[in-house]
Ligand SMILES: [Zn+2]
């Protein structure tokens, strides 16, 4: 029997962890053996944390003895954050991922360990050492044998998912005796016109498909519209001398935005506006680190981005860009920008304002109408980001660290830098599979988004569609 199980990302959008296992029985039917893999092992975030006590969220409370490998689709923390706990639970198999993910995974986990696991430097180094030893980078498009037990075998192939650098969807060829099946796990899929990365192509075959549905209920603005809107927000910031605060995840959106802003600065010339005087600050050592890694991995960029480089531009290291590293410089920047009348765009994490340096900026800047908060990514229910988005436009307030802050800054949302496929993109991904899968499982989304995507799939295909609990 070939089984798919879900240990996360069914009741919400985070904590992704899926299992594919092959169960064989002896001729007498008395003895059975099971071999499996995990696809991702992520942390719960936002309201999903409320699923249970947070300590219980971290424990690996499902069997792992039969797990032969962990497949990582991409290095967002909601897909990899529980890896240290998986190791602590005794997992000894390899961690299979794309080549860029292998570069980024120890970096993102080092940060996660420092925040949530321990401050003990030696312990952190030991965990990171273990992770580096286990990493097995596999080039896109190449089959990799995970195990072959004679009776049953499993091979996997990674394909570009266009979500963040290194992201992949996973094709799994599972075989028990003469029975063969191709199962595809989408991971997170990118939008086809996102900057920097090539668009995902549909799998050539999927007997069963497990697909994400973060934006299963709506489409994003197209790239031209959102670039236009981004430009308008930046322009008004330039005009009134305020700060545009962009809460952004360190990996993916930050680099996409930098890329887009470089494009706007390079292409815009309007009388009365000096685009070149607009300052861009990345206030996050982690984001700065990943921006460097993105720069180093240019072979994985899409054709348009590589063309910009060939023409002598530096999409991720242009002259208006400043990077803030130390905590002291960060505090100085918050203070200076809150008092000065200098136009500036600040990118800081966390993307949902649930912690990180962006919180200090919010406290200092929400009360001033010259400032703008620009959301570019998904804001999970229960996060301060969602509160600002809900109450900000009505002139409301929110609490941060137990204190009340009025929201006078303007609040904007530009969809599409979310690095996630919209509804039509998800549908196209499924439609592009030459033969309709026998079963489609919808995971990773609010219940409304999943239900909407399910209804759309049911309208379009005559096949089994389910939302696992
Ligand atoms: Zn992701």
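Throughout, read-outs are computed from the coordinates displayed, never taken from laboratory work. Worth saying up front: this structure is predicted, and the values here are computed from it rather than measured. Virtual Cβ from ideal backbone geometry, glycine too; neighbours counted across all protein chains shown.
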Of all the C-alpha pairs in the range 372-422, what % are more than 13 Å from each other?
58 percent
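Arrange the peptides 147-160, 394-407, 94-107 so that the one whose residues have, on average, the most other Cβ atoms within 10 Å appears first.
In decreasing order of mean packing, 147-160, 394-407, 94-107 become 94-107, 147-160, 394-407.
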If we restrict to alpha carbons, what Rg and Dmax does the chain come to, in Å?
22.6, 84
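Would the range 240-306 count as rounded, prolate or oblate if I go by the C-alpha gyration tensor, calling it rounded below 1.5 in a/c and otherwise prolate when a/b exceeds b/c, oblate otherwise?
Details: a/c = 2.84, a/b = 1.37, b/c = 2.07.
Judged from the Cα gyration tensor, the range 240-306 comes out oblate (a/c at least 1.5, b/c at or above a/b).
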Principal axes of the range 166-211: Cα extent on each, largest first, Å:
44, 16, 14
Computed Kirkwood radius, in angstrom, where 1/r is averaged over Cα pairs of the range 106-195:
15.7 Å
With bins of 5 Å, the percent of all Cα-Cα pairs of the range 353-394 per bin from 0 is 5, 21, 33, 31, 10, 1
Looks like the range 205-285, by Cα gyration tensor root eigenvalues a ≥ b ≥ c and the a/c under 1.5 rounded cutoff (else prolate when a/b is bigger than b/c, oblate otherwise), is prolate
Note the per residue figure in Å³ for the convex hull of the C-alpha positions in the range 124-163.
110 Å³
How do 128-137, 69-78, 268-277 rank on mean C-beta neighbours within 10 Å, highest first?
69-78, 128-137, 268-277
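Below 8 Å, C-alpha to C-alpha, sequence gap of six or more: please give me the relative contact order for the chain in percent. Can you show the working numbers first?
On the way: 986 pairs, mean separation 78.9, N = 469.
Averaging sequence separation for qualifying contacts and normalising by length gives 17 percent for the chain.
For the range 324-426, what is Rg from Cα atoms divided by 2.2 N^0.38 Å, rounded to two decimals?
Working: Rg = 14.2 Å, N = 103, 2.2 N^0.38 = 12.8 Å.
Ratio of Cα Rg to 2.2 N^0.38 Å: 1.11.
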If you take the square roots of the eigenvalues of the alpha-carbon gyration tensor of the range 307-379 and sort them as a ≥ b ≥ c, do you get rounded (a/c under 1.5), prolate (a/b over b/c) or oblate?
prolate
Span from the the range 163-240 Cα centroid across to the the range 96-129 one, whole angstrom
25 Å
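Return the calculated 222 nm mean residue ellipticity for the chain, to the nearest 500 deg cm²/dmol, obtained by summing -39500 (n - 2.57) across DSSP H runs with n ≥ 4 and dividing by the residue count. Show your work: numbers first, answer last.
Numbers: 14 runs with 152 residues, N = 469.
So the calculated ellipticity at 222 nm is -10000 deg cm²/dmol.
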Quote the relative contact order of the range 56-114 in percent (integer), defining contacts as alpha-carbon pairs under 8 Å separated by 6+ residues.
42 percent
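Starting from the Kirkwood Rh over alpha-carbon pairs, what translational D in µm² s⁻¹ does the range 380-457 have by Stokes-Einstein at 10 °C and 1.306 mPa s?
Numbers: Rh = 15.6 Å.
In µm²/s, the coefficient is 102.
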Sorting check: for 221-227, 335-341, which peptide has the highest mean count of neighbouring beta carbons within 10 Å, and how do the rest follow?
221-227, 335-341
Computed over the chain: longest principal axis from alpha-carbon atoms vs helix 327-339 long axis, angle to nearest 10 degrees, is 50 degrees
